[in-house]
Every structure is written in C-alpha cells, then in structure tokens.
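Heads up: the structure comes next, in structure tokens.
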Amino acid sequence: MPTILLRHRDIPDLHKLDVYKQNGGLEAFKKAVTQMKPNEVTDLVKNSGLRGRGGAGFPTGMKWSFIDQKIWPHYVVANADESEPGTFKDREIMANNPFQFLEGVAIASYAVSAKAAYVYLRGEFWQIASFLDEKIAELEEAGYLGDRLFGTDTSLHIYTHLGAGAYICGEETAMLESIEGKRGQPRIRPPFPAVYGLYGKPTVVNNVETLTNLPMILAKGSDWYKTLGTPDSAGVKIFSLSGRVRKPDNYELPFGTTFRQLIYEHGGGVQEGRPVKAIMPAGASSSFIVVDDKVLDTPMDYASVRTLGADLGSASIIVIDDTVSIDWIINKTIHFFKHESCGKCTPCREGTYWMSNIVERLEHEHPGPASVELLLNVARQMQNKCLCPLGEFSTMAVVTGIERFPQDFKKAVEPGNEHVPDDFKKVEGLNL
Amino acid sequence: MSLAKKYHREVNRILAKYPPENKRSAVMPLLYLAQSEAGYITKDAMQDIANLLEISLTDVGALVGFYTLYHDKKEGKYRMQVCTDLPCALRGADQFMESLCANLGIQVGETTADGTITLEAVTCLAACDKAPMFQIQSRDGLEYHENMTVDKTMELVETLKKAGRKVG
C-alpha cells in the first residue's frame, strides 16, 4: 500500500520543494485558500473521521470547530514536542517529509483563520528546527507563505519555537505557557485553548502526525480517508515499535492492524524468538497489557485496545519479553515521571517523589510486602487528583503492573524481610 | 558588551517572530543565544535578557532552572547525554552507559579531567529504535548519535578531545 505520511520512503528527495510539488504538493493548500471557505475545510476534516494523533485521539475537525469566532487573532500551534518514551514518529516526518507537515500546518491555519502558526519543537530537535526554518523560507520565497497568498486576502506566517528539555511542554497548555516565555506548567482548564490559548487568544494545538494527514485528506477527500482504518478509527497511523523486537522502527499501517501483524510481520518478531510477555501501547504512560494469543490478534484501534484495559495513545508500542521483570520497568517509568513532573500540583510533585523512593527501596532493600501495598496506595491516591494528565499517566504502569503482574513483585518482598523503613512509619495516617 | 549589541541582527531576527506586545516569548531563543557564548548562561547574560524583554531577573533565572538544556555553570566542553529511558534500556542502554563510565573513567554526572566530556543520563530523546544512542550538546548546538557502540563512541571522544569541532 502506498504510504500517506511516510511518503519519503517511497519518493526519493521528497524534502525538496520541486519534488514535493511534482508529487502534487501544495495543491491542497492552494485549493483550500482559493476555492474553499474555512468552514468547508473544517467540515471536510470532520467528515474524514481524523482524530488527534498525539495521544488523546480527539476528533480534529471538532477541535477546530470549537475555536471562538468573537475573539481575534487566532493561532495554530503544531505540537512537535514528541517526548513520550517510545514515540519517534514526528521526528521522522519532519526530518524527511517536511513540506507535507508544513502544508498541514497551513491548511489547519486556514481552517481556523489564523495568520500566524508556531511549530513548537522539543529543544533536542535543534537540527530539525533549523531544517524547518530553511523549508519555511523556501515556501515564503515561492509564495506559499506570507501575505496575500495566491492573490487573496489570506496571509500566513509559520515560525519555529524551540523548547529546552521538558516533557510536560507536550501538554498543550504547558506548551502555550512555554511559547509565552514562561516555565512550561499546565494551566487550569477550562478555559480551553480554543477560547483562551496563546497570548490569551483562541488557539488550536495539533500534533505533527495529525497535521501531516491534512494535505492528503483535502486532495483525495474524506470518503477516501474513511476507506482506510476502522469505523471507530479512520485512516492510517504510524506505529512506533520499540523494545525487545528484532526490527524496531516506525510502521505506517491502517488502524485495525493487529498487534501480531505489527510485531511479527513487520517487526520481525521478538529477539531470540522469546514470547511477548507484555505490551505498553502508549509508551511510558501506558497501562500494561498482559499478552496472550487473543491479545496478539486484537486490532489496534482506539476502541479495541480499550477492551484490553489500556489506551492506544500515540501508538508507541513497547514490546516486553519474558526476560524482563515488571518491577524493573516501573522503576524506569516512575523515574521518568518524577524527573518530568513540573512541580505545579501537589499530588504529582509529591506522588512521583514518593513512588520513586518506594520503588528504589523495592529494588535495593527488599523492604517487605507492605511497601508494594504502599506504592499501590500512593499511585491510587494520585489518580483523578492531578492538574494535568502527566500525574495520571505516572500511575498507569504502577497500578496495572502490580495488579496484572503480582508475581514480578514477589522477589521485592522476600519472606523474612519485612522491614518497614523508619521514615515510612513517621507518615501520619499510614497504618503499617 | 551586552547581548543585544553584540548580536544585534540575531536578536532582532528572534524578536520578529513574536508579536511586539509579547516580546517575552523571545526569552527561550535568547537564552540559547546567550549559551552559545560560553556553553553556559552567565548571570550577566540573564540580566541582559531581562532588561531587553522588560522582565525580572527571576523570570529569566526560573527558566534556566526549569528547562534541562539550559546550564548555568561551566562543565565539559561537550555534554554527552545518553538516553537510559525505558525503550533504550530494553536495548542495552544501561550496560552501554556502564561501559562508557568505565572507559571514560568517570561516573554519570562527572566531567573528564581534561574538561572535554561531561557524561549525563537523560530521558527519552525520541530515538527508541536506534538505541544505544546519545546526543552531544555543546555551545554550538545539539546533534544525535544513534545505533552506537562503545568503540564507536570512544573514537568520537578521541576526535573531540584532539581536535574539537562544531556541533549541530
């Protein structure tokens, strides 16, 4: 099947403007600006069934339709902060198929009548940001960006903005704070960015992969897009496959492809031919899926993965084989979230700190079963209390790891080793 | 000389990206510019930026503390930032890091005696399929090194120690 997003794998030199144009590039944006009204673009995208690819899966056209029409100017922000452990798709798109992504930014901007768009890249994408700056300059030079485009009243400028190392900036309101020159800490919502976004103005924030779909949807139509994928999850998805597989890589496949097809047909199977023990389908923010044959034959779409007690999220599929212990994994994920917690809300700041303390002791001191209980307790206490999804995400692997793989926590609580650390006893209200 | 004077053109290019009434947005790119001077951000540079954007020194300093790619003290000329996060660790990143420590004769967080390399463990760099991997950060910028071995890394270290070069 020809690729839709990773087209550079089929078309050499697609990052060159003339090659991109020879392959139909920028026709969709030109058609939108010269022949369609902004709300017609929004309706088309609504009808396509496109859902946000950053993890939440919210319908893209609907997100655009929420933008406040009484407050101006409007902004578009492309979320290129890609920092979820296990996700590496946006980087490949921007580095190899930059014009399709930028055309997507332009189409989204037209749909919500924004005259300025910012691409927020994580600071580590330093080289990609310079590369995009060059591509933006080429588009300006060729008359696809700038003022009075194609002889109409439509104007659009796209700017890159580099982050500087903070996972939390992938959360859309933290990202807006960061562009405003502040620490990347999430805002209380509502108001949502569609009403109060960048500089307090209505703003749409869309993920890179989401935006990169738009030129093809406009060119080929929403009915064509819906022929791909499943009724619940239209289109194609880039599955970032990592962990203990033979061929980790990005795989662009229709929604509804099964885990087995991804891991065995595309990913070459598990290293050393070992069995798959667990899958984390949404990176470090995942719940663990306990793997058996039925699970492997489950289609990867938003609804089906939910039946397995997990979310597909950004489809960063981390494969774990039977040589790996789940307590080691949650040590890694807790360490990550503790490091990345922005410190603004107490449940996340304190919760990730305590989870980190306890899991370190589980690994090094074998402190007894009460500590596993305590870890589970802290994680559950955090749930539904955090300001943004980060805190919530930090508990997913902990709770489902302990619940679904209890045997992996046995060695941490060897019999006769029931010591409860003194400072745990001092915590008021704890009954150990 | 102040940042605004010394890098007049670059500062104006940065400011032009944002609405004039929201010039505070320029603080992050200006911090990168300041860092390109010495490899870390001096208090004088922070004050310069604060003056230029009409915000307080605290507003600027708070960002240097919050974002991990800004540094406020001198360390190695090159920061070797190895990803040891979950997906990389499933592909041997912890063992890779241990070997690097042994070969460089330093622990994570330390700098080689000649001041060339500071070794750091960092979280996910969006290169999970190409582990072990690290990025090199220097005053010039950042670059990725993927599918690395200890031997390949030590060759790179030797090159950086002997000749040094621009990064990014």
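Coordinate-derived values only; no laboratory data. Source: prediction; values computed, not measured. Methodologically, a virtual Cβ is constructed for each residue, glycine included, from the backbone with ideal geometry; neighbour enumeration extends over all protein chains shown.
Please work out whether the range A:3-58 counts as rounded, prolate or oblate from its C-alpha gyration tensor, where a ≥ b ≥ c are the square roots of the eigenvalues and a/c under 1.5 means rounded, while otherwise a/b larger than b/c means prolate and anything else oblate? Write down the numbers at each step before the final one.
On the way: a/c = 3.21, a/b = 1.28, b/c = 2.50.
Oblate shape, in that a/c is at least 1.5 and b/c is the bigger or equal ratio.
From largest to smallest, the equivalent ellipsoid semi-axes obtained for the range B:3-66 from the alpha-carbon gyration tensor read 17, 14, 10 Å.
Classify the range A:1-111 as rounded, prolate or oblate, taking a ≥ b ≥ c as the square roots of the eigenvalues of its Cα gyration tensor: rounded when a/c is under 1.5, otherwise prolate if a/b is larger than b/c and oblate if not. It is oblate, given that a/c is not under 1.5 and a/b is not larger than b/c. Round to a whole angstrom and tell me the spacing of the C-alpha centers of the range A:145-197 and the range A:366-407. What the calculation gives is 33 Å, centre to centre.
Rounded to the nearest Hz, the phi-derived 3J(HN,Hα) couplings of the range A:105-112 under the Karplus curve 6.51 cos²θ - 1.76 cosθ + 1.60 (θ = phi - 60°) are 4, 5, 5, 4, 5, 5, 4, 10, where x marks glycine and proline. Using θ = phi - 60° in the Karplus curve 6.51 cos²θ - 1.76 cosθ + 1.60, the 3J(HN,Hα) couplings for the range A:32-48 round to 4, 5, 8, 10, 10, 8, x, 5, 5, 5, 4, 4, 4, 5, 4, 5, 6 Hz; x is entered for Gly and Pro.
If each residue's Cβ is checked for other Cβ atoms within 10 Å, how do B:Thr68, B:Thr159, A:Thr60 rank with the fewest at the top?
Details: B:Thr68 19, B:Thr159 11, A:Thr60 27.
Ranking B:Thr68, B:Thr159, A:Thr60 by Cβ neighbours within 10 Å, fewest first, gives B:Thr159, B:Thr68, A:Thr60.
Of the residues A:Ala282, A:Ala95, A:Ala397, the one that moves most in a GNM of chain A with alpha-carbon contacts below 10 Å is A:Ala95.
Between beta-carbons, use under 14 Å as the cut-off and find the net charge around B:Glu146, counting Lys and Arg +1, Asp and Glu -1. Don't jump to the answer; show the numbers that get you there.
Details: positive: A:Arg91, B:Arg91, B:Lys130, B:Lys152; negative: A:Glu92, A:Glu124, A:Asp249, B:Asp129, B:Glu143.
Charge balance near B:Glu146 sits at -1.
With contacts taken as Cα pairs under 8 Å at a separation of at least 6 residues, the range B:3-66 carries a relative contact order of 30 percent. Summed over qualifying helices (DSSP H, 4 residues or more, each -39500 (n - 2.57)) and divided by its residue number, chain A shows a 222 nm mean residue ellipticity of -12000 deg cm²/dmol. Here's how it looks for A:Asn207: its modeled amide H is under 5 Å from those of A:Arg53, A:Gly54, A:Asn79, which are all 5 or more places away or on a different chain.
Each label was represented as a point 7 Å from its Cα along the Cα-to-Cβ direction; for A:Gln383 and A:Ala56 these points are 2.1 nm apart.
Here is the link list: B:Lys77/B:Lys152; A:Lys277/A:Lys338; A:Lys89/A:Lys135; B:Lys43/B:Lys166. Which ones come out longer than 21 Å on Cα distance? Going by Cα-Cα distance, A:Lys277/A:Lys338; B:Lys43/B:Lys166 fall outside the 21 Å limit. Among beta bridges identified by DSSP and lying wholly in the range A:7-226, the antiparallel ones come to about 10 percent. Legend: ranking of residues A:Lys89, B:Lys43, A:Lys30, A:Lys201 from fewest to most surrounding C-beta atoms inside 10 Å; resulting order B:Lys43, A:Lys30, A:Lys201, A:Lys89.
Over the protein assembly as shown, what is the percentage of antiparallel beta bridges among all DSSP beta bridges, to the nearest 5? Could the numbers behind the result be given before it?
Numbers: 26 of 55 bridges.
In the protein assembly as shown, DSSP labels about 45 percent of beta bridges as antiparallel.
Look at A:Ser48, A:Ser222, B:Ser56 and count the other Cβ atoms within 10 Å of each Cβ; fewest to most, that gives B:Ser56, A:Ser222, A:Ser48. The phi-based Karplus calculation (6.51 cos²θ - 1.76 cosθ + 1.60; θ = phi - 60°) puts the 3J(HN,Hα) values of the range A:300-316 at 8, 9, 4, 6, 5, 5, 5, 5, 8, x, 8, 10, 6, x, 8, 6, 9 Hz, whole numbers, x for Gly and Pro.
Annotation: the antiparallel percentage among DSSP beta bridges lying fully within the range A:236-321 is about 75.
Quick one: grab the alpha carbon gyration tensor of the range B:7-152, order the square roots of its eigenvalues as a ≥ b ≥ c, and give me rounded if a/c is under 1.5, else prolate or oblate depending on whether a/b is larger than b/c. Don't skip to the end; give the middle numbers.
Values: a/c = 2.70, a/b = 2.01, b/c = 1.34.
It comes out prolate by the Cα gyration axes.
Modelled spin labels at A:Asp153 and B:Thr42, positioned 7 Å past Cα toward Cβ, are 5.2 nm from each other. Within the shell defined by Cβ-Cβ distances under 12 Å, the residues around B:Ala89 carry a net charge of 0, with Lys and Arg each +1 and Asp and Glu each -1.
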